[in-house]
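This report concerns only the one structure given below.
The values are calculated or read from the model by the stated rules, or taken from the named source; none is laboratory data. Since the structure is predicted, the reported quantities are computational estimates derived from the model, not experimental observations. Cβ placement follows ideal geometry from the backbone for every residue including glycine, while neighbour counts extend to all protein chains displayed.
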Amino acid sequence: MTKAENAHKSSSAFRVDSAPVGSGADIRTIVVRLDPPSLDDNRSDLKRLEDRALNKYGIEIISAAPEALRALPKTARESGWSLTCELAAETDKGYKLISVSGAKA
C-alpha cells in the first residue's frame with residue numbers, strides 16, 4: 001500500500017477502491033487549481049483536492065482508484081497544480097476519483 005493509500009486508510013469516510021467503474025456510471029469532469037503545499041498548509045495533495053472539489057463544486061470525493069492516487073502527486077507538481085479530474089458517482093453521497101491529468105491552460 002502506498003503512503004497516500006495508507007494515509008487515508010484510517011479515515012472512516014474515504015477508501016481506496018480498485019473495482020472498475022460500471023458502463024452506466026455518472027461521470028463528471030472537474031478542473032481544479034490546488035494551492036501548493038507550504039509550511040502553513042501541509043495537507044496531503046489528496047486532502048487539498050477533496051477540499052477544493054467540495055468547496056468549488058459541492059462534490060465529496062469518498063474513494064479513489066489506486067492509479068489515480070499514484071498519479072496525483074507527480075501530476076499536480078508537473079502541471080503547476082492545475083488538474084483535470086474524472087469522477088464517477090458512487091452513491092448519492094459521493095464520488096470516486098478515477099483519473100487525474102494536468103489541466104490545459
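Residue-level analysis places residue 54 among those that are out of contact with any strand residue (DSSP E or B) (no Cβ under 7 Å at 6 or more places or on another chain) and among the hydrophobic types (A, V, I, L, M, F, W, C).
Which one is surrounded by the fewest Cβ atoms within 10 Å (Cβ to Cβ), of the residues in segment 11-37 that are assigned to a loop (DSSP other than H, G, I, E, B), aliphatic (A, V, I, L, M) and modelled with pLDDT under 90?
The first filter runs over segment 11-37 and keeps only residues assigned to a loop (DSSP other than H, G, I, E, B), leaving 11-14, 17-26, 34-37.
From the residues that got through so far, the ones that are aliphatic (A, V, I, L, M) too are 13, 19, 21, 25, 34.
Next cut, modelled with pLDDT under 90 only: 13, 19, 21, 25.
Numbers: 13: 12, 19: 9, 21: 18, 25: 15.
So the residue we want is 19.
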